Amino acid sequence: MYKWLLVYRYLRTRRIAAASVLSVTLGVATLVVVNAVMTGFATEMRQRIRGILSDVVVQGGGIDGFADVDRHLRLIDEAVGEYVEAMTPVIETFGLLSIDYLGQTQTFWVQIIGVDPVGKARVGEFAEHLVVQKGRVPSFEVPADLRAVERVFLEREGILGDLHRPSARLVPQLGLNGRSGVRTVHFERPRQGETEEFLDKNPFGDSGLDREATQQQKALLELDEDLAHADSMGLVLPYLIAAYRDPSSGRDKIVIPLGYPVRLVVPGSGRRPQPRFARFAVVDYFKSGMSEYDQRNCYVSIDDLRRIRGMGDRATAIQIKLKDYSKARLVVAKLRQLFPPGYYQVATWEELQGPLLAAVDTERRILTILLFLIIAVAGFGILAIFSLIVVEKTRDIGILKALGASDSGAQAIFLTYGLTLGALGSAIGTFLGLQIVWNIDRIERWMSTWTGHEIFDRNLYYFDQIPTVVEPATVCAVAIGATAIALLASVLPARRAARLRAIEAIRHEQ
Amino acid sequence: MLPDYERLKQSDMSSESRLRLHRFDPAQGDTDPSRGYLLSARGLIKSYRQGAWPQRRRGLLGRALDLLGRLRDGQDGIEVPVLLGVDLDISPGEFVSIVGQSGSGKSTLLHLLGTLDDPDAGEIWFEGRRIDGLPAPERDRLRNHSFGFVFQFYHLLPELTVLENTLLPLYIRHGTKAAIRYRRMWRRRACEILDRVGLSHRVDHLPRQLSGGELQRTAIARALIGDPVLLFADEPTGNLDPATGDDVLDLLISLCREQGLSIIMVTHEQEIAARADRTLRLHAGQLVPVSSCPKQSRLDAPSLNPKISCGSEGRVATRGG
Ligand SMILES: Nc1ncnc2c1ncn2[C@@H]1O[C@H](COP(=O)(O)OP(=O)(O)OP(=O)(O)O)[C@@H](O)[C@H]1O
Ligand SMILES: [Mg+2]
């Protein structure tokens, strides 16, 4: 009883104790805020990556993938069907995206992903990341109004003069003679019979040894004719290619409008990949908030991509969404038996993104440790203050002991004191931290205007708000940890109080 | 035995029942060195080493410092003998005063008897039990339950009010639960005692707001709240004007007479000392009876056998059983 009374009085009369409460408070508040923001970022990032990748991915065969996709799907369904919510085949390859804009041709290196829009939307967040079709069932169809837009651009710019005439037959002039390279691709109308001629003197192919490949390429070239005659296909353009942020207004400006004609060069399939060309019209923009993806990911219909690349029914990967992600390891293990490593790669999205996620986690852990050091510093403050108080209270401790208080009772006063300081600091710190987390955007905006610096650059992340996630377990751990440090800091002074001999303390007046 | 707080509730039990607590088996009388006395001291010796480095330091560093100090100051410093074989017997309900020069060791003796310090040699018996060298928890219990202390320098806790200071022994004795449950009762009791020492108007004041005499009376109230069997009072009236001092002394004497409280009081004032059942002088490290005690008539054989000189007949009879 007396210990509570004394602790209460010491708390009220010792202003210096408030300083140690304050240091614990600040440490805890910082830790809570930093953890919430970092967890928020990590969670947001994970969610986005996972949405883009799906839960489990079976991939193999490079950019040509594996044949007989239906059989693969069936095998997966038989093996782990009970855990699978949805799956869809995709083709991932790379390519060059050329846009004629302002009288010049701009070419970008892009990741081309052929998906079934409906299937893709089922295995992850796809529709959510589309700017126009957000929340709808996504489609790569080019609607009539966009066709009209496309036609206007084709005619007005005149840059695709050859292309927009359906009769035009396109054969690429490769950059073999040094006239062109990666940056731009020139389109020239081939003369009659030139195609075969070109193939025959293909400097990269030995037609005698590689007759099969030559056959395939011939077939492809015939296909080109169809492609050239057909209408352009729908393409989802990476948002960061389509738009830039106007620094003066802070708003995004879309420079490549919907319906705009673009050209794609992709490697054809086969033993000797040839560049394949196709025309597309922009039907949507891909905006996930991850700049890496928003700069590179071009989505087209898997059927279109198969046709362009001459892949038959192949796919490079099967994306699987699980009913319960906690079963991912089990599913991966089972699928690895089915699809032997070496031929296939079976992995969860986390394994695919391992290094990035690990980096983020490491960062958070190190920061937590560093911030705990701040609290440890507060702990030393408590140690010093308590040691002073013990010296100051030597006589009081002696009196208490003379009146029958036990050694452990004297010790308990200071342990209780430390515990109370720690708990008080933790409680206030937690409260403060949570308040900051919950109002972080307002605080950030206020600080930004006040200091004149933008603290949280929304350009960088494409977040409208600073993402925060408050993990109750983490908050509790921080609060308990800080309290424990305060308690620990009071152990030494408390033991000194316990060792004190009553007689020495009370023999003198002071 | 009743729980402590139950005992507390019967705090105003009759002197008979209180005395019964101190009754001992007469058959034990021969083997028990205390021979039925409430408190007996035999051959207490205590000396201090002055100039010596404080010993009992802990840890490697502490021991190293001890050694260094001893090397520097030559062996063990100067030996200052304070008590050189003190014998003392206190009967239940007896009021003994001790006088002596400043520095003669009166406070030291009280501390030894009250188990606050250990004698170099000698024995101390209390209620038929040897109490020197008891383990710390038992001493703590003894001091809290059976002894009351009025320290020479009052020693109140500056952060606590007069009331809280007074209640401190009870707070220490009982847990938080009891303190909350018996809050009202304790307060009433503390106010009662404070009233008796004339401090009822100062209950909620802090020590720094009180005068020396008020501090002293608070210390007396604190010493009495726990219903001690034996009260050690180190100059309890040192700061009081004669009238107030007399009042306080009246209170102590009435407790002595009515409730069988035993008192060992150190004082410098002849008149105060004279009101005790007997007066002893600490001189040259030994306790000797004061022959010029004005209340000699009340004592049976003051100078020859202090053991028999223990209060009134009735009390002796009660003790005898
Ligand atoms: N811890 C100690 N170390 C050294 N000397 C001590 C110690 N404690 C007491 N003494 C010495 O013992 C002697 C007796 O001290 P004590 O306090 O008992 O005197 P006292 O009779 O109570 O005097 P006063 O009437 O002034 O209160 C003094 O000379 C003092 O210096
Ligand atoms: Mg003294």
Can you find even one residue in the stretch B:225-239 that is in a loop (DSSP other than H, G, I, E, B), more than 25 Å from residue B:142 (Cβ to Cβ), within 14 Å of another protein chain (Cβ to nearest Cβ) and within 16 Å of ligand 1 (Cβ to nearest atom)?
yes
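One line per residue, one yes/no per condition, for (1) more than 19 Å from the chain's Cα centre (by Cα); (2) in a strand (DSSP E or B):
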{"residue": "A:59", "(1), (2)": "yes, yes"}
{"residue": "A:71", "(1), (2)": "yes, no"}
{"residue": "A:91", "(1), (2)": "yes, yes"}
{"residue": "A:94", "(1), (2)": "yes, yes"}
{"residue": "A:110", "(1), (2)": "no, yes"}
Pairs with Cβ under 8 Å, 6+ apart, first in the stretch A:21-36 and part of a helix (DSSP H, G or I), second basic (Lys, Arg):
A:35/A:364
Out of A:11, A:26, A:75, A:22, report the one residue that is more than 28 Å from the chain's Cα centre (by Cα), open to solvent by 10 Å² or more (accessible area, probe 1.4 Å), among the hydrophobic types (A, V, I, L, M, F, W, C) and not assigned by TED's automatic domain parsing to the domain that holds residue A:393.
A:75
Have a look at A:436, A:413 and point out the one that is assigned to a helix (DSSP H, G or I), at pLDDT 85 or above and more than 39 Å from the chain's Cα centre (by Cα).
A:413
Sole residue being at pLDDT 85 or above and out of contact with any Gly (no Cβ under 7 Å at 6 or more places or on another chain), chosen from A:403, A:383
A:403
Which of the residues spanning the stretch A:261-316 are among the acidic types (Asp, Glu) and within 28 Å of residue A:70 (Cα to Cα)?
A:303, A:304, A:313
Six or more apart or on different chains, Cβ under 7 Å: which pairs go from a residue in the stretch B:246-274 that's of a type in the set (D, E, K, R) and open to solvent by 10 Å² or more (accessible area, probe 1.4 Å) to one that's assigned to a helix (DSSP H, G or I) and away from ligand 1 (no atom under 16 Å from the Cβ)? Could you list them?
B:258/B:15
State yes or no: is residue A:480 modelled with pLDDT of 85 or more and either surrounded by fewer than 17 Cβ atoms within 10 Å (Cβ to Cβ) or not assigned by TED's automatic domain parsing to the domain that holds residue A:383 (or both)?
yes
Among the numbered conditions (1) over 16 Å from residue B:233 (Cα atoms); (2) open to solvent by 10 Å² or more (accessible area, probe 1.4 Å); (3) within 14 Å of chain A (Cβ to nearest Cβ); (4) not in a helix (DSSP H, G or I), tell me where residue B:180 comes up short.
(4)
Can you find a residue in the stretch A:387-397 that is buried (at least 16 other Cβ atoms within 10 Å of the Cβ) and away from chain B (no Cβ under 14 Å)?
yes
Residue under question is residue B:133, and the condition is that it be farther than 15 Å from residue B:222 by Cβ and within 16 Å of ligand 1 (Cβ to nearest atom); does it hold?
no
When residue B:220 is run through (1) closer than 21 Å to residue A:505 by Cβ; (2) buried (at least 20 other Cβ atoms within 10 Å of the Cβ); (3) without any contact (Cβ under 8 Å) to a residue 60 or more places away in the chain, the failure sits at (3)
From the list B:100, B:114, B:93, exactly one residue is at positive phi, of a type in the set (Gly, Ala, Ser), crowded, with 19+ Cβ neighbours inside 10 Å and within 16 Å of ligand 2 (Cβ to nearest atom). Which is it?
B:100
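Scan the stretch B:61-83 and tell me whether some residue there is in a helix (DSSP H, G or I), touching a helix residue (DSSP H, G or I) at 6+ places or on another chain (Cβ under 9 Å) and surrounded by fewer than 20 Cβ atoms within 10 Å (Cβ to Cβ).
no
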Note on residue A:46: of the conditions (1) open to solvent by less than 40 Å² (accessible area, probe 1.4 Å); (2) in contact with a helix residue (DSSP H, G or I) (Cβ under 8 Å, 6 or more places away or on another chain), unmet is (1)
Qualifying residue in the stretch B:165-175 (condition: facing another protein chain (nearest Cβ under 10 Å), open to solvent by 40 Å² or more (accessible area, probe 1.4 Å), at pLDDT 90 or above and within 24 Å of residue B:264 (Cβ to Cβ)):
yes
What residue, among those in the stretch B:140-155 that are at the interface with chain A (Cβ under 8 Å from one of its Cβ atoms), within 29 Å of residue B:183 (Cβ to Cβ) and assigned to a loop (DSSP other than H, G, I, E, B), is farthest from the chain's Cα centre (by Cα)?
B:155
Quick check, is residue B:122 modelled with pLDDT under 90, more than 11 Å from chain A (Cβ to nearest Cβ), farther than 20 Å from residue B:209 by Cβ and surrounded by fewer than 19 Cβ atoms within 10 Å (Cβ to Cβ)?
no
Within the stretch B:240-272, restricting to residues that are within 16 Å of ligand 1 (Cβ to nearest atom) and assigned to a helix (DSSP H, G or I), the one that is nearest to the other protein chains (Cβ to nearest Cβ) is B:272
Test each condition in (1) touching a strand residue (DSSP E or B) at 6+ places or on another chain (Cβ under 8 Å); (2) within 8 Å of another protein chain (Cβ to nearest Cβ) for residue B:137 and report the one that comes out false.
(1)
Residue tally, condition free of Cβ contacts under 8 Å to residues at least 40 places away in the same chain and open to solvent by less than 20 Å² (accessible area, probe 1.4 Å), over the stretch B:130-164:
4
List the residue pairs whose Cβ atoms are under 8 Å apart, where the first residue sits in the stretch B:97-113 and is within 6 Å of ligand 1 (Cβ to nearest atom), the second is among the acidic types (Asp, Glu), and the two are 6 or more positions apart or on different chains.
B:106/B:234; B:107/B:234; B:108/B:117
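The values are calculated or read from the model by the stated rules, or taken from the named source; none is laboratory data. Computed from a prediction, not measured in an experiment: that's the story for all the values here. Virtual Cβ from ideal backbone geometry, glycine too; neighbours counted across all protein chains shown. Side chains are part of the model used for accessible areas, which takes the heavy atoms of the whole protein and leaves out ligands, DNA and RNA. Shrake-Rupley method; radii C 1.70, N 1.55, O 1.52, S 1.80 Å.
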